[in-house]
Structure formats: structure tokens, C-alpha cells
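Worksheet: one structure, shown below.
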Amino acid sequence: MDPKNKKILFTGDKYLYSGQHMPELMDWIERVVSMDFSKTVPEQKDMQIEAPKNINHEFLAEMDKEKCFSRRSFEKWERIMHSHGASLREVFCLRYGKFDRCVDVVVYPSEASQVQQIVTLADKHNVVLVPYGGGTNVTQALLLTTQQNENRMIVSLDMSRMNQVLWVDKDNMTACVQAGIRGQDLERDLKTQGVVSGHEPDSSEFSTMGGWLSTRASGMKKNTYGNIEDIVQGMTLVTPKGTFAKKAHWPRVSAGPDFDQTILGHEGNLGVITECIIRVKKAPEVAIFNALIFPDFEIGQKFMEEMAKQKIYPSSLRLMDNVQFQFGQALKPREPSAAKRIIGEIKKFFLLNVKGFKPD
């Protein structure tokens, strides 16, 4: 749609982003960010990396003998994918550069017993294991730049095949979940049982339960459902010394220290999380999204402070400045319903002409 003449015609892909037509986005970016879309630098068609640097043949041979994986790969692009996260630096390297060091091999276990065998063998043969979930890390924890001089074999342990909800207990409102399940799949599977976890970080489309636990993650609906430390009730951790798990999953015990709190946020340094018990809640009957517009940011800040003091807030609540608000509006896809478009124009007229808000 051309925002100048309002013709509902799409003659190219100027307004097409992620399969959605966003008629305001490019014009807003050009005007506010001063980005020139006519100047482009083509991405690299391929990335050159070194062959696996260190191969521990004894480790690989014992893994074959024990049959403790469902897939093992030395493929170039699998190794590249498992050697980076999603920070700006890493995305830039993907598009234009190269990584200083890539993992030597990617191993996919399919059950907890296989993880224990792999961890035991890695300890025996002095092999580095890097647990891998959804690859959404933005703190460069997956980047192997500091490992350029590492002489041991580096193995990426991809948990994506351990991705099931093992059971749901609706009497006690708990569920047992494997660590490799992605956020969107977790909620989809739980909703078939009429429950939800409610944990929704920005990366939930790709990130995994194991990653949430290992990074002590927070979600957008924490006001209602809590952060990951409030949701988890027990974890199974595989270490070189054995597998650790609570014998009973009581909601709370008066003895301590709490083993779960020791594991939360360990970022793979203590072992590999294979599954966990989480608290679930009844799926909401309805979800309502709304917005308030304040005359200035300071009044919005006072509103947020008052909401926090009175503890009467919705599941998700965030305050944005005007530039963020404009960006959010520019990201709106074109509304297919003519009636809703008319209602939107009426709201806009009311805000700007009746209430006197100025867009800038």
C-alpha cells in the first residue's frame, strides 16, 4: 500500500517484511533513523571455516560403541550454526565475516541416559561439551572466540531432540518437560491439556526450557506467572559425577539450601539439564491487549510506580517513550478489515484533533 495515495496495491516488496505488509515501516525508518535503503552491501554467499581442529578418536569410538546419540554431524553449516548465538556481533559475522573458532562436531542425544553417557565419556577423554538449546543467546556465551588455542575437542551437545512434555498432573498443576522443548511448542502442547506455563521471553519462538533455566530467564508475563525461578519446581542435572534430581517435588520445603537455586543461571558450567518439573496454571479464557497514552514520559513513569505499589497490574506492562511508540505503530501490518481500519482512523482523529496529542 502506498501511504501517500492510499492505493491498496502492492507492486513490489517494498512494504513486505516477514510475510506481512507494513506500509509505514520503511518510510518511518528513512525519516527517523535516516537510513538509506538504496545503499546496500550484499551478504556473503558462503562462509569459509577450518576443518574440525581437534578430533578425539577414542571419544568418538566409545560413543559409537555405546550408541549414545541419535545423530552426530561434522557438516560445515551445522558446525557454524552451533558456534554462535544471536548478538549483533554474531549476526554481523554471519553476514559478512567468519568465526574465529567453530565446534568440532555436533551431537544430538534423544534421551537422558544418552546425555549421561556422553557427559561421562567427555570427562573420561577430556572433551569440551557446550550445551545448545535454541541458539538465541545474546551474551556471546556460545561464541568460541576465547577458545582459539583450545587443544581439546569441542562438542556441541544439541538438546533439540529431547523436546517433549512427558506428563501433566492437573491435580497438582505440575508438568514434566524435557529441556530441549521450544517455548512455542511447550505452550501449544500444554494448551491441549488446558494449562499454560505462562513463561514468555521475547525469544520464546526459538529458545528452550534448558536455556531458560541455565540463564535464569524472565518473561513478559512475569507479573502473573513469575520468572523461571518461580515456575520451576525441580530439575534433573547430568554431571560427570552422576545425575542429580530431587526425590520429591514438593512446592516448598523448609530445609535448605535449595538445589534448584544452585543450578539456575549456571549457563552449562555445572552440567547438562535434561528435564524439569514446572508449575502450570489454567489456560486463560480470554486475553485482552490495550494501551494508555500519557501526555509525557514522566507521568507514565509515575503511573508505573503507583501500579507497582498497589500490586494491581496486568500480566504484562511496559512503558515506552514516543520514539518506541512510533516504531511500534510503524511495525503494524496492514489491517485487512475495512471496518477496523475505519475505527483506527477514528481513534487517531480523536487523539490528535480532540485530545490534542502531537505525533512528534
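Compared with the dominant principal axis of the Cα atoms in the chain, helix 57-66 is inclined by about 90°. Under a model in which nothing but the beta-carbon of Lys, Arg (+1) and Asp, Glu (-1) is charged, the chain shows a dipole of about 840 debye around its Cα centre.
Only one of the listed values, [x] 20.8; [y] 20.2; [z] 23.9, was derived from the coordinates as Kirkwood radius over Cα pairs in Å; which label is it? Comparing each candidate, only [z] matches the computed number. Amide H contacts of Val280 (H built 1.01 Å from N, in plane; Pro and chain starts excluded): Thr174, Ala175 sit under 5 Å, all sequence-distant by 5 or more or on other chains. Enter the angle in degrees (range 0 to 90, nearest 10) between the Cα long axis of helix 338-349 and the first principal axis of the Cα atoms of the chain, meaning the one along which they spread out most. Its long axis makes an angle of about 70 degrees.
Under the simplified labelling scheme, the Tyr96-Ile299 pair shows an inter-label distance of 4.3 nm, with each label point 7 Å from Cα along Cα→Cβ. For the chain, the longest principal axis of the C-alpha atoms and the axis of helix 112-125 are separated by about 60°. Using alpha carbon centroids, what distance separates region 266-302 and region 18-42, in Å? Computed from Cα coordinates, the inter-centre distance equals 30 Å. As a length-normalised measure over Cα pairs under 8 Å and 6 or more apart, the relative contact order of region 236-279 settles at 59 percent.
Hey, which lysines would be in cross-link range of Lys76, C-alpha to C-alpha under 28 Å, not counting anything within fewer than 8 residues on its own chain? List returned: Lys45, Lys53, Lys65, Lys67, Lys98, Lys124. Whole-Hz Karplus values for region 106-111 come out as 10, 10, 10, x, 10, 7 Hz, taken residue by residue from phi with 6.51 cos²θ - 1.76 cosθ + 1.60 and θ = phi - 60°; glycine and proline positions read x. Less than 5 angstrom separates the built amide H of Tyr17 from those of Met22, all sequence-distant by 5 or more or on a different chain.
Translational diffusion of region 57-158 was estimated from the Stokes-Einstein equation, with Rh taken as the Kirkwood radius over Cα pairs; at 4 °C and 1.567 mPa s the coefficient is 92 µm²/s. In the elastic network of the chain, a GNM with C-alpha springs shorter than 10 Å, the most mobile of Asn149, Asn54, Asn227 is Asn149.
Close amide H contacts of Glu275 (hydrogens built in the peptide plane, cut-off under 5 Å, sequence separation of 5 or more or a different chain): Ala179, Thr236.
Listed values for region 206-217 are Karplus-derived 3J(HN,Hα) couplings in whole Hz (6.51 cos²θ - 1.76 cosθ + 1.60, θ = phi - 60°), namely 10, 6, 10, 4, x, x, 4, 5, 6, 10, 6, 6, and x replaces Gly and Pro. Computed 3J(HN,Hα) for region 67-76, one whole-Hz value per residue from the Karplus formula 6.51 cos²θ - 1.76 cosθ + 1.60 where θ = phi - 60°, is 6, 9, 7, 9, 7, 9, 9, 10, 4, 4, glycine and proline marked x. Summary of packing: across the peptides 64-74, 183-193, 331-341, the per-residue average of other C-beta atoms within 10 Å ranks them, highest first, as 183-193, 64-74, 331-341. With a cut-off of 10 Å between beta carbons, the residues surrounding Ser73 carry a summed charge of +1, where Lys and Arg count +1 and Asp and Glu -1.
Note on Gln310 and Met220: the model spin-label points, each 7 Å out from Cα along the C-beta direction, lie 2.5 nm apart. Springs join every pair of Cα atoms under 10 Å in this Gaussian network model of the chain, and among Pro131, Pro42, Pro52 the largest mean-square fluctuation is at Pro42.
Rule-based calculations on the coordinates, nothing more; no lab input. Please read all numbers here as calculations on a predicted model, not as lab measurements. For neighbour counting, all protein chains shown are included, and Cβ atoms are generated from backbone atoms with ideal geometry for every residue, glycine included.
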